[in-house]
């Protein structure tokens with residue numbers, strides 16, 4: 001098989017796995033943090049986290065598809081630079097803020113400015129989480145032509 005014919009983007013099923021792993025890890029780490037800062041009951045924080053997760057999962061799938069499509073036009077998924085990984089995390093979070101601020105404001109009875117300020121802490125956490133998660137995910141699940149033969153490695 002020539003390099004030209006190698007698969008450089010993730011499949012739809014791989015994106016589903018990516019999204020589920022991402023959100024489960026984020027929820028598991030955020031519920032205890034949310035209980036400390038919001039000082040709410042764990043079930044309230046859990047329900048809010050699940051709602052935010054569903055919104056984020058839809059955005060995650062769409063954004064990653066578009067981001068990978070953009071990379072494929074230039075260099076392919078396997079050669080993401082650190083700058084591209086940082087840009088991926090920043091753009092993802094900026095898009096997500098447009099959805100999460102109204103949800104936080106309504107569910108926690110905050111003004112939009114208060115919800116935006118509260119969301120900043122989450123965004124900072126999620127930026128680091130996203131960059132680290134995606135680096136680990138790319139190493140654990142490299143794109144391959146067969147399940148046991150990776151076609152690229154992460155630099």
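Here are the numbers for the structure shown:
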{"read-out": "Residue tally, condition out of contact with any helix residue (DSSP H, G or I) (no Cβ under 8 Å at 6 or more places or on another chain) and within 21 Å of residue 119 (Cα to Cα), over region 45-72", "value": "3"}
{"read-out": "Residue in region 125-141 that is at pLDDT below 85 and either within 22 Å of residue 71 (Cβ to Cβ) or touching a strand residue (DSSP E or B) at 6+ places or on another chain (Cβ under 8 Å) (or both) present", "value": "yes"}
{"read-out": "Those residues of region 4-34 which are modelled with pLDDT under 80 and touching a helix residue (DSSP H, G or I) at 6+ places or on another chain (Cβ under 6 Å), in sequence order", "value": "8, 9, 34"}
{"read-out": "Index of the failed condition, residue 115 passing every other in (1) under 22 Å from residue 16 (Cα atoms); (2) surrounded by 13 or more Cβ atoms within 10 Å (Cβ to Cβ)", "value": "(1)"}
{"read-out": "Enumeration of residues in region 13-37 that are surrounded by fewer than 15 Cβ atoms within 10 Å (Cβ to Cβ) and closer than 21 Å to residue 109 by Cα", "value": "32, 33, 36, 37"}
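The values are calculated or read from the model by the stated rules, or taken from the named source; none is laboratory data. All figures in this text were calculated on a predicted structure; none of them were measured in a lab. Reconstructed Cβ throughout: ideal geometry from the backbone, glycine too, with neighbour counts over all protein chains shown.
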